[in-house]
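Just so it is clear, none of the values below were taken in a lab; they were calculated from the coordinates. What you see is a predicted model, and the numbers here were worked out from it, not measured in a lab. Please note: Cβ atoms are built from the backbone with ideal geometry, for glycine as well, and neighbour counts cover all protein chains shown.
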Amino acid sequence: MTASDVLVESLIDWGVDVIFGLPGDGINGFVEALRTHKDRIRYIHVRHEETAAMAATGYAKFTGKLGVCFSTAAPGAVHMLNGLYDAKIDGAPVLAITGMTYHDLIGTHYLQDMNQDYLYQDVAFYNQRLMGPAHAKNIVDYACRAALSHRAVAHIALPIDYQTADMSDQKRSKRNLKGHTSEAFTVPKRVPEREQLEKAARALQGKKKIAILVGSGARGAGAEVTQLADRLAAPVVKAMLGKDVIPDDSPYTTGGTGVVGTRPSSDVLENCDALVIVGSSFPYIEFLPKPGQALGVQIDDRPERIGLRYPVEYGLVGDAKATLREWLLYLPRNDDRTFLRQAQQGMEEWWDLMKERGARTDKPMKPQVVSWNLGELLTDDAIITGDSGTVTTWIARMKLRAQQQFSFSGTLCSMAAGLPYAIGAQVGHPGRQVVSFTGDGSLSMMMGDLATLAQYKLPVKIVVLRNNTLGLIKWEQMIYLGNPEFGVDLYPIDFVKVAEACGLSGVHIDNPRKCRDQLKEALAMDGPVVIQCDTDPNEPPMPPKATKSEIKNLAEALIRGERDRGRISLTIGRQAMDEVLFPASDYGVPARIGKKLTGKDKKDEE
Ligand SMILES: Cc1ncc(C[n+]2csc(CCOP(=O)(O)OP(=O)(O)O)c2C)c(N)n1
Ligand SMILES: [Mg+2]
């Protein structure tokens with residue numbers, strides 16, 4: 001029995017049944033143990049180590065289990081880093097295993113001689129180098145415990161010769177008794193003391209305009225969040241990582257927030273007199289109520305995050321679900337439903353607008369046509385993985401249903417997470433529909449791993465919006481800096497051909513009138529499919545409310561020579577005309593004035 005056998009068997013004892021990675025001479029000893037245990041642990045061989053780490057992160061996010069990835073020494077370990085940072089920052093439990101050079105050549109300028117434990121010092125919460133076969137069981141048990149307890153990255157570096165060392169070859173130190181550690185473990189769930197729950201509940205008494213903000217920490221606590229919303233008559237605003245906390249068709253939610261969010265969410269946060277944050281460290285502080293505007297209560301199981309983004313008066317440190325269950329015992333009912341009713345009306349108007357944008361027949365096709373139709377066509381328990389780009393805006397506004405799940409690289413905001421996350425999701429949930437919604441910039445970064453889908457017959461559907469540009473950056477250059485776009489063009493890749501070359505099917509959609517039918521057909525196809533949707537590069541990812549400086553900067557960029565100024569002006573002009581009658585649109589000023597004059601709002605306030 002080798003040290004690698006011990007490592008792999010320990011992982012199996014921890015319930016690990018899949019590992020993502022790519023071999024090399026620095027890790028082949030460990031790979032041999034994967035071969036001899038292949039009936040109990042599945043090895044998914046990817047084309048790039050970043051994919052391995054990202055897939056492990058996606059797997060962890062969608063299953064709640066430990067994600068595990070491995071790479072060879074040095075270059076492989078460097079490749080994994082981005083995916084591991086994604087896990088660290090979004091709080092996904094991931095164990096990374098890397099190979100290292102021979103233990104007695106470390107530090108001698110030897111081939112692939114890199115101290116990965118030093119390299120991973122920042123990314124890994126638990127980070128150890130194997131010091132001999134008798135060390136293996138001790139550190140793998142600790143690593144799994146650490147990753148799961150802290151939703152963090154754990155890392156073990158394995159010198160080549162120790163990987164294949166026979167367990168009987170090395171004597172144990174006298175205190176390292178065989179069998180002294182175990183995998184007995186459950187993730188701890190803490191709940192605040194009753195007195196604190198009561199105090200925070202009392203503080204909400206009399207508040208009539210309460211908003212709830214949920215993030216990834218509230219995932220799995222949907223029923224409790226809904227009860228909370230009902231009790232407090234409080235609209236639920238969802239940070240993007242909390243998109244699947246409650247479904248978008250719930251009468252309690254105003255959907256997303258921030259630049260990719262909805263107008264009703266902005267209204268709720270601008271006007272609330274109390275804010276309850278559940279499991280979110282949503283970073284766009286300017287979208288939160290102004291400090292001092294609202295009484296704040298925050299539930300988070302990380303004490304150091306209480307008061308992080310909003311100066312809350314009450315911090316309830318605990319697991320979201322367990323804490324909400326307890327807190328609901330003490331919370332008074334808010335009988336004034338006005339604030340909630342206004343939000344609900346706002347959402348009706350918002351969905352009218354989304355439907356309108358999703359039905360546009362212009363060419364080039366509007367990206368919202370793809371995301372809106374996709375939302376309607378997905379199966380009830382589909383898993384959707386998002387990406388970084390303007391694609392984030394379109395998918396943020398898709399109506400997610402009750403059993404569906406969504407995630408993306410939310411806080412690291414890395415491009416090219418969509419495909420690897422989908423690999424992790426489909427491996428974790430073989431029976432569910434998995435769809436990756438990605439951009440042409442992102443997909444071309446990680447294109448090799450399309451072949452992984454074919455290799456393992458993972459029936460993932462990749463919806464790629466091809467606008468031949470790094471769209472988000474084009475808009476950011478204009479809107480935030482007033483600069484004409486520069487350095488964002490993408491040579492138009494034929495993704496259908498790429499798909500076919502990688503063993504997938506490919507579908508090409510460029511006609512908005514046919515988009516729905518073609519999407520439907522593509523989603524129903526067997527096996528993995530790349531669905532290339534050619535979309536308008538000049539469709540602005542409109543925030544719920546554009547600021548004066550954003551408008552001014554855009555005008556400046558156009559004047560200063562933006563190449564697409566003609567098309568952009570036309571697009572915005574056309575949209576402004578189309579949407580004057582939609583109160584949820586930023587252009588709907590006349591509609592909003594009309595509403596005020598007819599007293600519709602007033603009635604709701606009474
Ligand atoms: C790894 C990485 N590199 C760069 C960025 C900066 N960035 C954010 S979105 C984006 C453009 C994405 O382009 P694409 O995938 O084509 O989507 P689009 O914006 O066109 O919808 C870039 C370059 C990033 N977030 N991550
Ligand atoms: Mg693009």
ask   = Using 16 Å as the cut-off for backbone N distance, which residues of region 524-559 belong to the label zone defined by a point 7 Å from the Cα of ARG567 along Cα→Cβ?
value = 533-541, 558
query = Along the positive direction of the dipole of region 128-271 (beta-carbon charges: Lys, Arg +1; Asp, Glu -1; about the Cα centre), which of LEU269, GLN205, PRO235 reaches farthest?
reply = GLN205
Per-pair calculated FRET efficiency, R0 = 60 Å: ASP249 and MET1 via Cβ, rounded to 0.05 = 0.65
ask   = What full-extension length gain, to one decimal in nm, is calculated for ARG202 and ASP381 as 0.36 nm per residue of separation minus the Cα-Cα distance?
value = 60.6 nm
request  = Please report, in debye to the nearest 20, how large the charge dipole of the chain is about its Cα centre when each Lys and Arg carries +1 at its beta carbon and each Asp and Glu carries -1 there.
outcome  = 1200 debye
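Give me the compactness ratio for region 129-172, meaning the Cα radius of gyration over 2.2 N^0.38 Å. Intermediate results must be reported in sequence, preceding the final value.
Values: Rg = 11.7 Å, N = 44, 2.2 N^0.38 = 9.3 Å.
In units of the globular-protein estimate, region 129-172 measures up at 1.26.
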Built amide H within the under 5 Å cut-off of LEU95, gap 5+ = GLY67, VAL68, CYS69, ALA154
key: Highest average packing first - 354-364, 558-568, Cβ atoms within 10 Å   = 354-364, 558-568
request  = Distance from a point 7 Å along Cα→Cβ of GLU195 to each backbone N in region 299-334: keep the residues under 17 Å and list them by number.
outcome  = 314-317
ask   = On the first, second and third principal axes, largest extent first, how far apart are the outermost C-alpha atoms of region 417-495 in Å?
value = 47, 23, 13
request  = Put one equal scatterer on each alpha carbon of region 525-567, apply the Debye formula with no solvent term, and list log10 I(q)/I(0) at q = 0.21 1/Å to two decimals.
outcome  = -0.81
key: Selection of trypsin sites (Lys or Arg not before Pro), region 451-521, meeting DSSP coil and at most 12 other Cβ within 10 Å   = LYS457
task = Please give the calculated 222 nm ellipticity per residue for the chain, where each DSSP H segment of at least 4 residues contributes -39500 (n - 2.57) and the sum is spread over every residue; nearest 500 deg cm²/dmol?
result = -12000 deg cm²/dmol
ask   = Got a sec? Charge dipole of the chain, +1 on Cβ for Lys and Arg, -1 for Asp and Glu; which of VAL427, LEU458, PHE406 is way out at the positive end?
value = PHE406
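What fraction of the DSSP beta bridges in the chain is antiparallel, stated in percent and rounded to the nearest 5?
Details: 2 of 67 bridges.
Taking every DSSP beta bridge within the chain, about 5 percent pair in antiparallel fashion.
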task = Determine which lysines satisfy two conditions relative to LYS174: a Cα distance under 24 Å, and not lying fewer than 8 residues away in the same chain.
result = LYS137
task = Can you check how the C-alpha radius of gyration of the chain compares to 2.2 N^0.38 Å, as a plain ratio?
result = 1.02
ask   = Normalised by the number of residues in the chain, what is the relative contact order in percent for Cα pairs under 8 Å and 6+ residues apart?
value = 12 percent
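Using the 10 angstrom Cβ neighbour count as an exposure proxy, how do HIS45, HIS135, HIS155 rank, fewest first? Write out the running numbers ahead of the final one.
Working: HIS45 15, HIS135 20, HIS155 27.
With the sparsest Cβ surroundings first, the list reads HIS45, HIS135, HIS155.
Semi-axes, largest first, in whole Å: what does sqrt of 5 times each Cα gyration tensor eigenvalue give for region 147-299? Please report the intermediate quantities before stating the final value.
Numbers: eigenvalues 409, 72, 37 Å².
Each semi-axis is the square root of five times an eigenvalue, giving 45, 19, 14 Å.
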request  = Report, to the nearest 10°, how far helix 49-63 tilts away from the longest principal axis of the Cα atoms in the chain, using its own Cα long axis and a range of 0 to 90°.
outcome  = 70 degrees
request  = For LYS514, go through the lysines and keep the ones whose alpha-carbon is under 16 Å away, minus same-chain ones fewer than eight residues off.
outcome  = LYS363, LYS366
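Figure the gain on full extension for SER173 and ILE559 (residue separation times 0.36 nm, minus the Cα-Cα span) and round it to one decimal in nm. Show your work: numbers first, answer last.
Working: separation 386, 0.36 × 386 = 138.96 nm, distance 7.40 nm.
Stretched fully, the SER173-ILE559 segment lengthens by 131.6 nm.
Would you calculate the convex hull of the Cα atoms in region 472-598 and tell me its volume per residue in Å³? Before the final figure, lay out each step's value.
Values: hull volume 18.6 nm³, N = 127.
Here the figure is 146 Å³ per residue.
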inquiry  = Once each part is reduced to its C-alpha centroid, what is the distance from region 331-355 to region 42-95 in angstrom?
reply    = 40 Å
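To the nearest µm²/s, what D does Stokes-Einstein give for region 3-169 at 10 °C and 1.306 mPa s, using the Kirkwood radius over alpha carbon pairs as Rh?
Values: Rh = 15.1 Å.
My calculation gives 105 µm²/s for D.
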inquiry  = For the chain, take the longest principal axis of its alpha carbons; what is the angle in degrees between that and the long axis of helix 367-377, to the nearest 10 within 0 to 90?
reply    = 70 degrees
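For region 359-563, what is the charge dipole size about the Cα centre, in debye to the nearest 20, if Lys and Arg each add +1 at the Cβ and Asp and Glu each add -1 at the Cβ? Spell out each step's value before the answer.
Details: 21 positive and 22 negative charges, 98 e Å.
In debye, rounded to 20, region 359-563 gives about 480.
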ask   = Which Cα, out of GLY389, ALA343, PHE486, lies furthest along the positive dipole direction of the chain (beta carbon charges, K/R +1, D/E -1)?
value = ALA343
task = In debye, nearest 20, what is the charge dipole magnitude of region 39-143 about its Cα centre with +1 on Lys and Arg Cβ and -1 on Asp and Glu Cβ, if you could check?
result = 360 debye
key: Packing-based order for 544-550, 121-127, using average beta carbon neighbours within 10 Å, highest first   = 121-127, 544-550
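I need to check one value: relative contact order of region 359-452, counting alpha carbon pairs closer than 8 Å and at least 6 residues apart, in percent. Present the calculation step by step, with values, prior to reporting the outcome.
Details: 132 pairs, mean separation 30.0, N = 94.
Reported as a whole number, the value is 32 percent.
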query = Which entries in the list LYS38/LYS457; LYS207/LYS596; LYS88/LYS199; LYS189/LYS243; LYS199/LYS399; LYS88/LYS321 go over 29 Å, if you measure between the two C-alpha atoms of each?
reply = LYS88/LYS199; LYS199/LYS399
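Just subtract the alpha-carbon distance of LEU490 and ILE106 from 0.36 nm times their residue separation and send over the number in nm, one decimal.
134.0 nm
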